[in-house]
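Bear in mind that the values in this text are calculations on the coordinates, not laboratory data. Remember, it's a predicted structure, so these values are computed and weren't measured experimentally. Note that each Cβ is placed from the backbone with ideal geometry, even for glycine, and that neighbours are counted across all protein chains shown.
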Amino acid sequence: MTPVKISIAASAASLLLLLVVFELIRGRRLKERYALLWILTGVVLLVLSAWRGGLNTIAGWLGVSTYPPAILFAVATLFVIVVLLYYSTVLSQLADQNTLLAQRLALLEERAAQKSPGEKSGAVKEPAVPDGE
Amino acid sequence: MKGSGRTVAIVPAHNEAGAIAGVVDAIRAFDPSFDVVVVDDGSTDGTASVAASRGAAVVALPYNLGIGGAVQTGFKYALGHGYDLAVRLDGDGQHDPAELPKLLGPIERGEADIVTGSRFAIAGGYRPPLARRIGITWFARLVSLLTRQKVTDTTSGFQALNRRGIALFAGDYPNDYPEVEATVLVFKHRLRLVEVPVEMREREHGESSITFLRSVYYMLKVTLALFVAMARKYAIPEEEDAGR
């Protein structure tokens with residue numbers, strides 16, 4: 001059976017995760033789109049932590065009779081892997097979009113320089129970060 | 001093309017090469033003094049060049065931002081060019097410019113900052129398929145409850161806005177199904193939103209390509225966004241907000 005202390009501690013940790021995620025969204029430091037997986041993680045972990053019978057049953061199905069909380073650990077790990085994988089795809093998409101933006105900006109600058117020859121040296125050659133003293 | 005005291009029609013479009021010419025022409029036919037800006041949301045079918053050939057200003061996004069990002073680009077354009085009034089019509093032709101006087105009326109009379117055309121404000125109007133109807137009803141009820149104002153069509157993109165409305169949305173606009181969350185945004189910023197009944201045409205091109213799983217995802221996401229938006233603190237804009 002799952003020790004009561006572990007159930008309490010794991011429930012508290014899951015609640016804390018949910019609270020932190022909500023606050024991050026509210027402060028606009030996390031977009032809803034990227035928060036849904038974390039919320040799902042928090043809710044699943046909270047259910048498994050608080051619903052002791054359920055955790056024991058699932059542990060029974062998987063043949064983990066000696067220490068059911070191991071299931072909590074396994075589920076948490078699984079979710080972390082999924083979140084990481086998802087973020088990798090998001091990161092890849094961002095990298096592609098970043099390339100596209102840089103190209104568009106460079107092409108626009110070239111066109112702007114063509115239109116106003118007086119500023120061409122400044123518009124094109126200007127370094128991204130001004131040189132210090 | 002630039003002017004003050006003038007109106008701009010914002011038309012977001014994603015792969016609407018077949019419909020966009022008709023939309024631009026219909027707006028022009030309704031009122032030749034309207035400037036039309038088509039925000040091309042990363043189309044691959046030549047939507048931008050078709051729109052430009054009809055005399056619309058075209059803002060072509062380098063890649064697909066999604067409807068919210070595209071529409072907000074239009075509001076930024078309107079704010080930056082100093083328009084006092086903006087109307088928004090979708091690029092697929094479902095919004096009929098002939099209905100625009102209904103939207104513009106409350107703004108011209110100073111009764112509203114933002115007016116939304118609703119398909120459901122009158123009974124017996126538009127009947128969408130069941131799955132869509134469930135989502136639409138859910139959001140209409142939830143938004144009405146949160147904003148303590150009866151809202152019947154939270155996903156309508158048929159809108160007219162005065163300068164305060166333009167400034168608000170230019171500075172802050174949500175992304176997927178943006179109109180739902182935007183309603184709460186308007187409420188939290190204490191702008192006046194009015195719904196008027198309008199008729200909409202069936203979409204001329206393409207299907208609403210939303211699968212069941214995606215709609216569940218959007219429902220969850222937008223519902224979460226609604227509650228978060230309610231929990232946020234917002235600045236109440238003064239008479240003239242410079243925006244961003």
Quiz item: Where the Cα atoms of region B:7-231 are projected onto their three principal axes, how long is each span, largest first, in whole Å?
Solution: 44, 41, 35
Quiz item: What angle, in degrees between 0 and 90 and rounded to the nearest 10, separates the Cα long axis of helix A:32-50 from the longest principal axis of the Cα atoms of chain A?
Solution: 10 degrees
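Over chain A, what lengths in whole Å, largest first, do the semi-axes of the equivalent ellipsoid take, defined as the square roots of 5 times the eigenvalues of the alpha-carbon gyration tensor? Before the final figure, lay out the partial values.
Working: eigenvalues 566, 47, 26 Å².
After scaling each eigenvalue by five and taking roots: 53, 15, 11 Å.
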Exercise. Just tell me how shielded A:97-105 is by partners: mean number of partner chain Cβ atoms within 10 Å of each residue's Cβ, no decimals.
Key: 2
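Suppose we keep just the DSSP beta bridges with both residues in the protein assembly as shown; what percent of those would be antiparallel, to 5? Before the final figure, lay out the partial values.
Working: 8 of 27 bridges.
Rounded to the nearest five, the antiparallel share is 30 percent.
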Quiz prompt | C-alpha long axis of helix A:52-61 to longest principal axis of chain A, angle in ° | solution = 90 degrees
Quiz item: Pulled fully out, how much extra length does the chain show between A:S65 and A:D96, if you take 0.36 nm times their separation in residues and subtract their Cα-Cα distance?
Solution: 6.4 nm
Quiz prompt | Top positive-direction residue, dipole computed over region B:7-231 with Cβ charges, set B:I166, B:S49, B:H81 | solution = B:I166
Practice problem: Note the per residue figure in Å³ for the convex hull of the C-alpha positions in the protein assembly as shown. | Solution: 207 Å³
